[in-house]
Structures are given as C-alpha cells and as structure tokens.
Amino acid sequence: MEVLELIDIHKNIKSHKILTGINLKMNTGEIIGLIGSNGAGKSTLLKIISNLLKPSEGEVLINNINVHDNFQQVANEIGYLIEEPVLYPYLTAKEHLHLALKLHGKPINDKQINSLATMLDITPFLHKKTKNYSMGMKQKLGIACAVIHNPDIVILDEPTNSIDIKGINLIKKFILQLKSQGKLVIVSSHLLQEIKNICDHYIMIENGELINTDSLSTAKSQQYLIYFKETPETQNKLEPYYPLHKSKECISIEISHTDLNSTLKFIMDNNIHISDIEKVELSFENFL
C-alpha cells in the first residue's frame, strides 16, 4: 500500500541547487536503499521527508496528507535518525526513550522499551548516562528513539556509522524486523554493499538528481570476476570475446550477472579451466 509520495521536490540554498525534480512513490512493508556519494543530497532529501527542512518547490505526502502543511496530523507516522543522534549526556537510555514517547504523546511502556532494548542490544546500558557511551552505542540508542513510538515510516540515515561488524549485522536484522511489521524503512548509505542484501529497491541520487531506481536483484548491482591460469591457449580462446585483465600468473574477465550463464557455457564448451570466481561487491562510485 502506498504510504509516501514525493512530488517534484526541489531544494535551493541561495543560487545553489541541492535537489532537482525528485518524484517517488513508496509502499508499506518495503526497505528502500538511498544510495549516493557524500554530498549527493541524501540527507537533505531525508530531512525534507521528515519535515526538518522545507522544499523550495514540491510536496511530500504521507497517506495523501501534505507533510509540510499538516505535520501534526502525520507526526506520529514517521520516525527518523538523520546524521548523528543528538543525546543529552546526563540522561540514561531509558530516560531518552521515556522522553521520546512523551514527545509523541504516547504512554510510558516499559515492556515495549525492554523489548526494543533487547533487539538492539542496549539492555546493559538502559540505566547508564549517555555521556559515557561509545559512538556505536549512541547510534543504536538513536535508532531506538526513532522507532519507540511505532511509526509506519522509519528513516535511518547511515545507520551503521561507527558500528562494528557484529553491530551492523544486528542493525540489518532489526531493519528486517521493521519490514516484517509492515513498515516502510528508508535506509541511506554511500556504500551499496552495506545495505544491498536487505533492500527491496534502491534509489540512486547524485548532484541532487535521481539517476536510477531499480530492484537490487538487477544486473547493475552484480558483477563477477572469473580467474584463469595464464596460458597461451587460454588467452587465445578468450581474447577475441572478452577484455582480459592480467595480474601475476593469472588472467581474469569481468562480466555482468546477466552474462554469467552464457559465459560459463562458452568456457565449458571450449574446455577452459577456471581457477576461481569472485562476486564483486560494488560501492556507489562503481556506477558513475
């Protein structure tokens, strides 16, 4: 079900164009990856959706209600963590979560808080003041504050910043749980490989413009390197059909996902021995 629509969003600061003509529709029960290099306009777009910034032109609709004209009607439908979490150093995690609930007009629910703390692995820190938290722990508390009021739309801007590998996997699992609850989750990153395994679709933005939207299962996000032992015979068979990359005693070819099956058939038909196959994890910069 469609829950969020962006209609011709523009954002200018003086004469500088930050966003130009963004049109999007998003549904509940989806995880959307917002991909772009640093400075591409990701955070600005998320701030406009969250009513932290007003667009120079265009509309943001949540359930067909204009966010910037009627924010009080949709405030509880959206939760966000944009850039770094802003925390009070002398409040505990639990006090932050109580405050977040009060700000949204929700009753204090310690059972809900304890459940959320368990999912994000912050239970041991619930009663500790945040001034002594690591950056990763602050990030997880920021995520908890963004979702404690049970919004339908969750916006997480670079949610894995300052978090170790174990924590990244925990955050991914948590995001998938939000999806299973029927929420729309928008996750931004400048690294495609950080989020591509959990997203249903991605939005690619560069220089403030939408340059691509597609399913993450498409060939654009998947490339393969096939390695061979360097011999004159192998080189002669491959060179007429594929650009060859040479390194030490190996040669390799790079192919897209859509060409994988036909390439493997060619290799087998020509009795070429494969040394290794590597799936290439692409970052945003590979698309430029």
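Identify all lysines with a Cα-Cα distance to Lys129 below 20 Å; exclude those on the same chain that are fewer than 8 residues away in sequence.
Filter leaves Lys94, Lys102, Lys138, Lys140.
Longest span of the chain, sites excluded, free of chymotrypsin sites (Phe, Trp or Tyr not before Pro) in DSSP loop with at most 15 other C-beta atoms within 10 Å? Please report the intermediate quantities before stating the final value.
Numbers: sites that count: Tyr90, Tyr241.
The longest uninterrupted stretch comes out as 91-240.
Give me the dipole magnitude in Debye, nearest 20, for the stretch 2-217 about the Cα centre, with unit charges on the beta carbon: positive for Lys and Arg, negative for Asp and Glu.
Details: 22 positive and 22 negative charges, 185 e Å.
In total the dipole reaches around 880 debye.
Want the number for Glu57 to Ser162: 0.36 nm per residue separation, take away the alpha-carbon distance, what's left?
Numbers: separation 105, 0.36 × 105 = 37.80 nm, distance 3.44 nm.
The Glu57-Ser162 span can extend by a further 34.4 nm.
Would you order Ser50, Ser15 from fewest to most other beta-carbon atoms within 10 Å of each residue's own beta-carbon? Display every interim value, and only then the final one.
Working: Ser50 22, Ser15 5.
The fewest-first ordering by Cβ neighbours comes to Ser15, Ser50.
Using Cα atoms only, what is the angle between the long axis of helix 135-147 and the major principal axis of the chain, expressed in degrees (0 to 90) to the nearest 10?
Once rounded, the angle reads 60 degrees.
Extending each Cα 7 Å along its Cβ direction at Asn132 and Val86, get the distance between those two points in nm, one decimal.
2.6
Run the numbers for Asn38 and Leu99: contour at 0.36 nm per residue of separation, minus the present Cα-Cα distance, in nm. Show your work: numbers first, answer last.
Details: separation 61, 0.36 × 61 = 21.96 nm, distance 3.18 nm.
Full extension from Asn38 to Leu99 adds 18.8 nm.
What is the fewest-to-most order of Ile198, Ile274, Ile31 by other Cβ atoms lying within 10 Å of their Cβ? Before the final figure, lay out the partial values.
Numbers: Ile198 17, Ile274 13, Ile31 23.
The fewest-first ordering by Cβ neighbours comes to Ile274, Ile198, Ile31.
Which one of Lys94, Lys131, Lys140 has the biggest mean-square fluctuation once the chain is modelled by GNM with Cα springs under 10 Å?
Lys131
Given a Förster distance of 45 Å, report the FRET efficiency between Asp110 and His68 from their Cβ-Cβ distance, rounded to the nearest 0.05. Spell out each step's value before the answer.
Values: r = 35 Å, r/R0 = 0.77.
Calculated value: 0.85.
In the chain, what % of DSSP beta bridges are antiparallel (nearest 5)? Could you put the intermediate results ahead of the total?
Values: 37 of 55 bridges.
The antiparallel proportion sits near 65 percent.
Points 7 angstrom from Cα along the Cβ direction at Thr118 and Lys279: gap in nanometres?
Spacing of the two 7 Å Cα→Cβ label points: 3.2 nm.
By counting other Cβ atoms within 10 Å of each Cβ, how are Cys145, Cys250 ranked from fewest to most? Write out the running numbers ahead of the final one.
Working: Cys145 23, Cys250 13.
So the ranking, lowest neighbour count to highest, is Cys250, Cys145.
Positive end of the dipole of the chain, charges at C-beta (+1 Lys, Arg; -1 Asp, Glu), about the Cα centre: which of Thr234, Ile255, Leu19 has its Cα farthest in that direction?
Leu19
Return the distance in nm (one decimal) between the two label points of a simple spin-label model at Glu230 and Lys17, each offset 7 Å from Cα along Cα→Cβ.
4.7
Classify the stretch 1-139 as rounded, prolate or oblate from the Cα gyration tensor: take a ≥ b ≥ c as the square roots of its eigenvalues, call it rounded if a/c is under 1.5, otherwise prolate when a/b beats b/c and oblate if not.
Working: a/c = 2.21, a/b = 1.69, b/c = 1.30.
Since a/c reaches 1.5 and a/b is larger than b/c, the shape of the stretch 1-139 is classed as prolate.
Read the figures in this text as sums done on the coordinates, not as results from a lab. As the structure is a prediction and not an experimental result, all values here were calculated from the model. When we count neighbours, we look across all protein chains shown, and the Cβ atoms used for this are built from the backbone with ideal geometry, even at glycine.
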